[in-house]
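Here is the structure we will look at, set down as structure tokens.
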Amino acid sequence: MLAAAGAAAAPIPELVQKDGRHALMVDGAPFVMFGGQAQNSSNYPLALNKVWAAIKDMNANTLEIPVAWEQIEQVEGKFDFSYVDTLVAQARKNKVRLVLLWFGTWKNTGANYAPEWVKFDNARFPRMLDKEGKPIYCLSPQGEETLKADKKAFVALMTHIKKIDEAHRTVIMMQVENEVGTYGYARDYAPKAEAAFNAPVPEAVLKRKKSPVALAASGTWKQVYGDYADEYFHAYSVASYIGEIAKAGRAVYNLPMYVNNSVRDPLEEPVKPWNKNFASGGPTFDVIDIYKAAAPAIDFAAPDIYSPDSKKFAATLDKFQRPDNPLAVPEMSNAAEYVRYAYLVLGRGAINFSPFGIDYADYSNFPLGHKATDKTMVEPYGKIYSAFRPMERQWSKWAFEGRTYGVAEGDDRAPQTIAMKGWKGTISFREWQFGEREYFKEVKDLPAGTDKPNGGVAIAQIADNEFIIVGQHARVKIDNADGKPTMWARVEEGYYDPSGKWIMERNWNGDQTDYGLNLTGKPVVLKVKVGTY
Ligand code: DGJ
């Protein structure tokens, strides 16, 4: 999987786009991250054992883990990359790729991961000012020295990664800062920020970001964007800052780079001006265009999802999956009710799916995440990844070709349909494997593991009448889209071997297919052929 020492270096990872779909190319071919993100404080050599153990149980192919500014530049100008060296060496041993999360000026909007020499020098590294001129918790994106210092550290990091990893490509992507923006305040009100706020909106922003209300076509932020101006201006300031860091880092070692977002309500209609309801200035869906204008060195913005509501979950994916923005979920709660979303996200062609909190450190972020900090937390993901991983490269290719579909059981538990090329898939939930519901009206039992929504299915249409199906706690039926009577031709359970050959374990027929394909809590891979008569 990883290039052997001395072997010719694989091409550098890159994002490619075709027909509005995206792939992350790793070693020259599409690569979907079946990933996991470690907790915030596991980024130290001695803490890594508890990370690898969980990543192994999860059967992940990628680990996302922080590299903090405070740990690589505790003393200004003196860089220490010993943790990065250990991490990368151990990742190779564990046959896992890495996404490094740069915790610099902002981590969940705060400055906690900046070195002490940055945190407490407000004169050199200014904090944002509120309307009364009082400093707040957040470092200002207008701080020139802060930008210079963060950029220098990030460039040093990229230089080091290039040095140790260019021949291996273990590190495949960088997240620049973490959940940026500001809680409680719309923007910086310091004199420098005020002057920029009252200057004309840059042309690049005007071109990309239409005002939600019809106002002036050009002019100051307030004139063009009215009540949305404060948030948009702050987004522009933060994005420009991050964009400059990313650009400098990529000039040294050109890995794909992205920003993650603590999302705003995706169902709010119409989208209202910021009102303390999310971090202003972060890459929320409403300002993706501003990020694109201000930070071209950032490839995409991605949602961190911590709301289990099925409508909100799907709506968030809708907002972030765009022809100019690949779908990636670099963070999601690891709680049980989120497991089913693996199928939705992967089926929709995401390049990354990485639940958060994947290690065995003695910490749980319940109620956001799972209460358990042991195997019980990762096992459900482990089962899903075990089904996908043997065909991860095939899946990644199918996703890039737009052949994949995903469904997660909704909170309403209702059946769902998917329109595929020539065929209609119907996915229902809480069914027994035998018979139709109406045959056994008196049976009140429900299958184990379905007390809460826990079903999901991902389908790849690999040929006109052939499908690969992975799922759990769901019944799948496939019918001809034009209503012609349909029959299963073959339903093979099996897997792809390392050479890419399909290996059949058994052919499902009779009871196993008479009432649809009934998937239990143990995800299996089916290779299915259908026909009409
Ligand atoms: C989202 C952040 O990006 C993570 O680092 C972490 O703080 C989680 N929230 C909460 O556990």
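The values are calculated or read from the model by the stated rules, or taken from the named source; none is laboratory data. None of the values given here were measured: they were computed from a predicted structure. Heads up, the Cβs are rebuilt from the backbone with ideal geometry, glycines too, and the neighbour counts pull from every protein chain shown. Only protein heavy atoms, including side chains, enter the accessible area calculation; ligands, DNA and RNA are left aside. Shrake-Rupley method; radii C 1.70, N 1.55, O 1.52, S 1.80 Å.
Points to keep in mind about this one:
- Per-region count, the stretch 206-216, residues within 22 Å of Ala295 (Cα to Cα) and either open to solvent by less than 100 Å² (accessible area, probe 1.4 Å) or in contact with a Cys (Cβ under 6 Å, 6 or more places away or on another chain) (or both): 5
- Only one of Pro330, Pro355 that is open to solvent by less than 40 Å² (accessible area, probe 1.4 Å), more than 19 Å from Gln472 (Cα to Cα) and within 13 Å of the ligand (Cβ to nearest atom): Pro330
- Residues in the stretch 358-380 that are free of Cβ contacts under 8 Å to residues at least 24 places away in the same chain, among the acidic types (Asp, Glu) and either within 16 Å of the ligand (Cβ to nearest atom) or under 18 Å from Asn40 (Cβ atoms) (or both): Asp362 alone.
- Asn108 over 20 Å from the mean Cα position of the chain (by Cα) and either of a type in the set (S, T, N, Q) or closer than 21 Å to Pro330 by Cβ (or both): no
- Cβ pairs under 9 Å, 6+ apart, first in the stretch 41-52 and part of a helix (DSSP H, G or I), second open to solvent by less than 20 Å² (accessible area, probe 1.4 Å) and among the β-branched types (Val, Ile, Thr): Leu48/Ile65; Val51/Ile65; Val51/Ile358; Trp52/Val96
- Qualifying residue in the stretch 248-265 (condition: within 23 Å of Lys207 (Cα to Cα) and surrounded by fewer than 24 Cβ atoms within 10 Å (Cβ to Cβ)): no
- Matching residues in the stretch 227-250 - criterion: being farther than 19 Å from Gly143 by Cβ and touching a residue at least 40 places away in the same chain (Cβ under 8 Å): Asp227, Tyr228, Glu231, Tyr232, Arg250
- Candidates in the stretch 151-173 are the residues that are more than 24 Å from the chain's Cα centre (by Cα) and not in a helix (DSSP H, G or I); of these, the one that is surrounded by the fewest Cβ atoms within 10 Å (Cβ to Cβ) is Glu166.
- Every test in (1) in contact (Cβ under 8 Å) with a residue 24 or more places away in the chain; (2) open to solvent by 10 Å² or more (accessible area, probe 1.4 Å) is passed by Thr146 save one, and that test is (2).
- Matching option when the condition is within 26 Å of Glu14 (Cβ to Cβ), open to solvent by 40 Å² or more (accessible area, probe 1.4 Å) and in a loop (DSSP other than H, G, I, E, B), among Pro308, Pro296, Pro367: Pro296
Each row is one residue, and each column tells you yes or no for (1) in a loop (DSSP other than H, G, I, E, B); (2) more than 16 Å from the ligand (Cβ to nearest atom).
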position: Ser237; (1), (2): no, yes
position: Tyr241; (1), (2): no, yes
position: Glu244; (1), (2): no, yes
position: Ala251; (1), (2): no, yes
position: Asn254; (1), (2): yes, yes
position: Glu268; (1), (2): yes, yes
position: Lys272; (1), (2): yes, yes
position: Pro283; (1), (2): yes, no
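- Any hit, the stretch 105-127, residues being closer than 30 Å to Tyr306 by Cα, in contact with a Gly (Cβ under 9 Å, 6 or more places away or on another chain) and away from the ligand (no atom under 16 Å from the Cβ): yes
- Every residue from the stretch 311-327 that is under 16 Å from Asp411 (Cβ atoms) and open to solvent by less than 10 Å² (accessible area, probe 1.4 Å): Phe313, Thr316, Leu317
- Filtered residues of the stretch 225-247 (kept if in contact with a Lys or Arg (Cβ under 8 Å, 6 or more places away or on another chain), within 29 Å of Glu166 (Cβ to Cβ) and crowded, with 24+ Cβ neighbours inside 10 Å): Ile245
- For the stretch 28-54, the set of residues classified as surrounded by 22 or more Cβ atoms within 10 Å (Cβ to Cβ), among the aliphatic types (A, V, I, L, M) and either within 16 Å of the ligand (Cβ to nearest atom) or farther than 17 Å from Ala387 by Cβ (or both) consists of Ala38, Leu48, Val51, Ala54, listed by residue number.
- Here the condition is being surrounded by 12 or more Cβ atoms within 10 Å (Cβ to Cβ) and more than 13 Å from Val525 (Cα to Cα); of Gly471, Gly435, Gly483, Gly510, it holds for Gly435 alone.
- Ala68 being within 23 Å of Asn260 (Cα to Cα), within 16 Å of the ligand (Cβ to nearest atom) and surrounded by 22 or more Cβ atoms within 10 Å (Cβ to Cβ): yes
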